[in-house]
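Visitor: Shown below is the structure under consideration.
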Amino acid sequence: MEEQIRTHPFNLFAICLLPDHLHCVWILPRGDSDYSARWQVIKKCFTQRYLDGGGVDLPVTDGERRQNRKGIWQSRFWEHTVRDEQDLERCVDYLHWNPRKHGLVSRVGDYPFSRFHRFVEEGQYELDWGGTDPEFGRANKTNWGEP
């Protein structure tokens, strides 16, 4: 990750790592919108460390093999440029709600693989944000390309 930040800097504003995908909000330098270069380096470095550490490479298609792709990451990603403060809040709420959406926890605050607790410490959320009401997350119908 250090190499990636040195060559294509960004600030990782929010992140939530789930078992089969991740969500993050990056702040890029002004005038720079090259998400692809950043993801390419992140995926390459992670994949090498993962495989070196004994991780398993899933099967790939003949076309993916010809492109020297590994069976670790999906080949695409979904990007969204935040338009304003309200849009940023919606994006970060969605990111933090994701463990509840996927049934991994009954309370957002119980999920350890996100920056939710940092946002709580900074006063952006109450620890019990989202409660335990299954209807809470249904107010936002955006699925952001997820299954």
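Visitor: Restricting to the stretch 94-110, name every residue that is outside any loop (DSSP other than H, G, I, E, B) and touching a Pro at 6+ places or on another chain (Cβ under 7 Å).
Guide: Of everything in the stretch 94-110, just one residue is outside any loop (DSSP other than H, G, I, E, B) and touching a Pro at 6+ places or on another chain (Cβ under 7 Å), namely 108.
Visitor: Let me ask another. Mind checking which residues of the stretch 5-53 are in a helix (DSSP H, G or I) and more than 14 Å from residue 77 (Cα to Cα)?
Guide: Here is the first cut: in the stretch 5-53, the residues in a helix (DSSP H, G or I) are 5-7, 35-52.
Matches in the stretch 5-53: 5, 6, 7, 44, 45, 46, 47, 48, 49, 50, 51, 52.
Visitor: While we're looking at this one, here's another question. Among the acidic types (Asp, Glu), farther than 29 Å from residue 33 by Cα, modelled with pLDDT under 95 and surrounded by 11 or more Cβ atoms within 10 Å (Cβ to Cβ): which single residue out of 128, 133 fits that description?
Guide: 128
Visitor: Which of (1) closer than 18 Å to residue 19 by Cα; (2) under 19 Å from the mean Cα position of the chain (by Cα); (3) assigned to a loop (DSSP other than H, G, I, E, B); (4) not aliphatic (A, V, I, L, M) does residue 83 not meet, given it meets every other one?
Guide: So the condition that residue 83 fails would be (1).
Visitor: Could you check residue 71 against (1) closer than 30 Å to residue 122 by Cβ; (2) small (Gly, Ala, Ser); (3) touching a Leu at 6+ places or on another chain (Cβ under 9 Å) and say which number it fails?
Guide: Condition (1) is where residue 71 drops out.
Visitor: So, one more: Could you give every pair whose Cβ atoms fall below 6 Å, whose first residue belongs to the stretch 21-42 and is touching a residue at least 24 places away in the same chain (Cβ under 8 Å), and whose second residue is in a loop (DSSP other than H, G, I, E, B) and not hydrophobic (A, V, I, L, M, F, W, C), counting only separations of at least 6 or pairs across chains?
Guide: If the second residue must be in a loop (DSSP other than H, G, I, E, B) and not hydrophobic (A, V, I, L, M, F, W, C), the pairs left are 35/79; 37/8; 38/8.
The values are calculated or read from the model by the stated rules, or taken from the named source; none is laboratory data. Keep in mind it's a predicted model, so treat the numbers as computed, not measured. Please note: Cβ atoms are built from the backbone with ideal geometry, for glycine as well, and neighbour counts cover all protein chains shown.
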